Amino acid sequence: MSENNNQSAHWADIMADKIIREKGEKDLYTCASGITPSGTVHIGNFREIITVALVVRCLRERGKNVRFIYSWDDYDVFRKVPKNMPDKERLETYLRKPITLVPDTKNRAENYARGNEVDVEKILPTVGVYPEYLYQAERYRSGKYASDIRKALENREEIRKALNEYRTEPLPESWWPVAVFSSFTDRDNTTVLDWDGEWSITYRDDELGKEETIDIRNTPNTKLPWRVDWPMRWVKEGVDFEPGGKDHLTEGGSYDTAKNVVKVFGGEAPVTMRYDFVRLKGMGGKISSSGGEVADLYDVLAIYPPEIVRYLFVGTKPQSEFAISFDLDVLKIYEDYDNCERIYFGLLPVKEQRREKEKRIYELSQVDGASIPKEAGYQIPFRHLCNYVQIYGGDTEKVLAKLSDATESQKERLRVRIECAKNWLRDYAPEEFKFSLSSETDGLYEPTETERAAIREFATFVEEHLDNMDEKGFSSYIYQTASDNGMENSDFFRLIYTVLIRKEKGPKLAGFLKACGSENVLPILKRY
């Protein structure tokens, strides 16, 4: 962990200090996050989770006792069938019901909401995030919020006035601060008709025309609407910090109304901060879980190790929109993280101010804040690692054998990167980036006599010099072979690529040949 003077520049440290300053010294600070599991919980949703997790870590580093809660708003309405869900026709029949009553057509769990929750709960420890989960369906249906619903009903006019302050069309006088799921259909197509001033609500099922009076203490059908529910829970859980997306924190958004509504429940709004949306490279606008076209944390971890996933969020201010890339920008993201690591370990000299900034980013990027690596990772560019993976046909052990100077700690991290490289090459790398070495089962290129002579001469140079000479030194033999055989350099390069990988272009040739080694190159050249 950094010295205290390093705990001042990063946004998570600044927010931790602000919470302590505004909420005062407390025995326990509560930091909150949450989401409706209406579909795949995507990487954009993860931004809120990791934002809170980072602030929690900074508070704990200051010796504070912190409760980190994550609310599953799984008593919300199933409004739309996401595109990536199987058996859409069946799911359509559950629209307007609570998402906990919708079946999980992916067969992950006992219901649709739980399936989406389980996906997240399994993967968050991989990136060092361990919240306490609160399940709102269970809390509402058990009557835990009955007295809070009654309090909202008692303060109906005050709440309506607070909400109307930001509405262009005021809520009608007939509006009630409670929603009811019909006991006849389980849907929320209902109208509240009356409240007896205590615990009973009368509502009408608008589909069937039936009316019913229920006791909110023992009938699991009622819930508060979002703009009332959110501030109620701030008070219920004693929330000191909860960030919000820019849609919630715009003027007149749910945070503004909640700041007023929270007074009804006898509390005050938590410290907050706005976070912007996360885009996928090549996709416009914000990611939508209900739309189904998303990337989740599993997708991102397939391409980036956990510490780099954290780095993407740690190194970007929450108020800034950014894109997570799956294209060639992947190479730069790995390079940026490795530069940060080099700065942390003093391998890349920079000015002191930048060094302190990068050191803190590196610390917070690590999955376990108490267990920072003792040495830098094996500093091989991701592009070169991808080349090794392709040269050795995806055989991890052969790649590691080639990088024989790696320490055991570095090998452990390299294994993760090698798997990420395999996944990226398979799923996202552009075709011009991919290659495989020619094998005996591949047909031979038919060279001219001049080309055949050049290949044979070059094979001699490879056998005599490739393994005992550096990349820069060996590159001279490439040009010498072209010159000796009266070939243009570009034509000779094209010839060697064609022979080795059946493409006219490839990785930088001298470095590529060094990566391959004579044991892989010679058998191909000697076929000619």
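The values are calculated or read from the model by the stated rules, or taken from the named source; none is laboratory data. Bear in mind that the values here come from a model prediction, so they are computed numbers and not experimental data. Positions of Cβ are backbone-derived with ideal geometry, glycine not excepted, and every protein chain shown enters the neighbour counts. Quick note on the areas: whole protein, heavy atoms, side chains included, nothing else; ligands and nucleic acids left out. Shrake-Rupley method; radii C 1.70, N 1.55, O 1.52, S 1.80 Å.
Of the whole protein surface, Asp427 contributes about 80 Å² of accessible area at a 1.4 Å probe radius. Based on alpha-carbon atoms, the Kirkwood radius and the radius of gyration of the stretch 360-515 give Rg/Rh equal to 1.06.
Which value, in debye to the nearest 20, gives the size of the charge dipole of the stretch 228-376 about its Cα centre, when Lys and Arg are +1 and Asp and Glu are -1 at the Cβ?
Numbers: 20 positive and 26 negative charges, 80 e Å.
Value, rounded to 20: 380 debye.
The lysine pair tally for the stretch 139-223, using Cα distances under 24 Å and a gap of 8 or more places or different chains, is 5.
Extending 7 Å from the Cα toward the beta-carbon at both Leu101 and Glu352 defines two label points whose distance is 6.5 nm. Ordered from highest to lowest accessible area with the whole protein assembly present and a 1.4 Å probe, Thr481, Thr396, Thr126 read as Thr126, Thr396, Thr481. In the context of the full protein assembly, Lys144 retains an accessible surface of approximately 90 Å², using a probe radius of 1.4 Å and ignoring ligands and nucleic acids. Average projection, convex hull of the Cα set of the stretch 138-296: 11.3 square nanometres.
Counting only protein heavy atoms and a 1.4 Å probe, the stretch 419-528 has 53 square angstrom of accessible area per residue.
A Förster radius of 35 Å, combined with the Cβ-Cβ distance separating Ser174 from Asn84, puts the computed FRET efficiency at roughly 0.35. The stretch 295-338 and the stretch 82-151 have Cα centres spaced 27 Å apart.
Heavy-atom accessible surface of the stretch 260-388, averaged per residue, reaches 43 Å², computed with a 1.4 Å probe. By the rule of a C-alpha distance below 20 Å, with chain neighbours fewer than 8 residues away ignored, the lysines paired with Lys106 are Lys80, Lys83, Lys88, Lys97, Lys122. Pop a pseudo-label 7 angstrom from the Cα along the beta-carbon direction at both Asp247 and Glu432 and give the gap in nm to one decimal. Each label point lies 7 Å from its Cα, and together they span 3.8 nm.
When the charge dipole of the chain is built from unit charges on Cβ atoms (+1 for Lys and Arg, -1 for Asp and Glu) and taken about the Cα centre, the candidate among Asn339, Phe474, Gly267 whose Cα reaches farthest toward its positive end is Gly267. For the stretch 304-374, the number of Lys pairs with C-alpha atoms closer than 17 Å, counting only pairs eight or more positions apart or on separate chains, is 4. Computed about its Cα centre, the charge dipole of the stretch 1-118 is approximately 200 debye, with only Lys, Arg, Asp and Glu carrying charge at their Cβ.
Restricting attention to the stretch 381-528, lysine pairs at least eight places apart or on different chains and with alpha-carbon atoms under 18 angstrom apart total 16.
Legend: translational diffusion of the chain by Stokes-Einstein, Rh = Kirkwood radius over C-alpha pairs, 37 °C, 0.692 mPa s; D = 121 µm²/s.
Would you rank Thr185, Thr168 by solvent-accessible area, highest first, keeping every protein chain in place and using a 1.4 Å probe? Intermediate values should be presented prior to the final figure.
Working: Thr185 25, Thr168 150 Å².
Of Thr185, Thr168, the descending order of accessible area is Thr168, Thr185.
Remark: the stretch 173-242 carries 43 Å² of accessible area per residue (probe radius 1.4 Å; ligands, DNA and RNA excluded). Counting only Cα atoms, the size of the stretch 162-216 along its three principal axes is 35, 26, 14 Å, in decreasing order. Surface composition of the chain: carbon plus sulfur atoms contribute 46% of the solvent-accessible area (1.4 Å probe, protein chains only, all chains present). Surface calculation, 1.4 Å probe, protein heavy atoms: His384 sits at approximately 90 Å² accessible.
Considering only Tyr135, Tyr75, Val55, and ranking their Cα positions along the charge dipole of the stretch 16-146 that arises from unit charges at the beta-carbon of Lys, Arg, Asp and Glu, the one farthest toward the positive end is Val55.
May I ask for the net charge around Asp17, where only other residues with Cβ less than 12 Å from the Cβ of Asp17 are counted and Lys, Arg are +1 while Asp, Glu are -1? Before the final figure, lay out the partial values.
Details: positive: Lys18, Arg21, Lys23, Arg62, Lys64; negative: Asp13, Glu22, Glu61.
Once positives and negatives cancel, what remains is +2.
Put simply, the Cα atoms of the stretch 216-261 extend 37, 20, 17 Å along their principal axes, the longest span coming first.
Toward the positive end of the charge dipole of the chain, with +1 on the Cβ of Lys and Arg and -1 on the Cβ of Asp and Glu, the farthest Cα among Trp424, Ile308, Leu385 is that of Ile308.
Which value, in debye to the nearest 20, describes the size of the charge dipole of the chain about its Cα centre when Lys and Arg Cβ atoms bear +1, Asp and Glu Cβ atoms bear -1, and nothing else is charged? Present the calculation step by step, with values, prior to reporting the outcome.
On the way: 77 positive and 90 negative charges, 133 e Å.
The calculated dipole for the chain is roughly 640 debye.
When all alpha carbon pairs of the stretch 354-406 are counted in 10 Å bins from zero, the resulting P(r) reads 20, 35, 29, 15, 0 %. Modelled this way, with points 7 Å down the Cα-to-C-beta line, the labels at Arg108 and Glu25 are 4.5 nm from one another.
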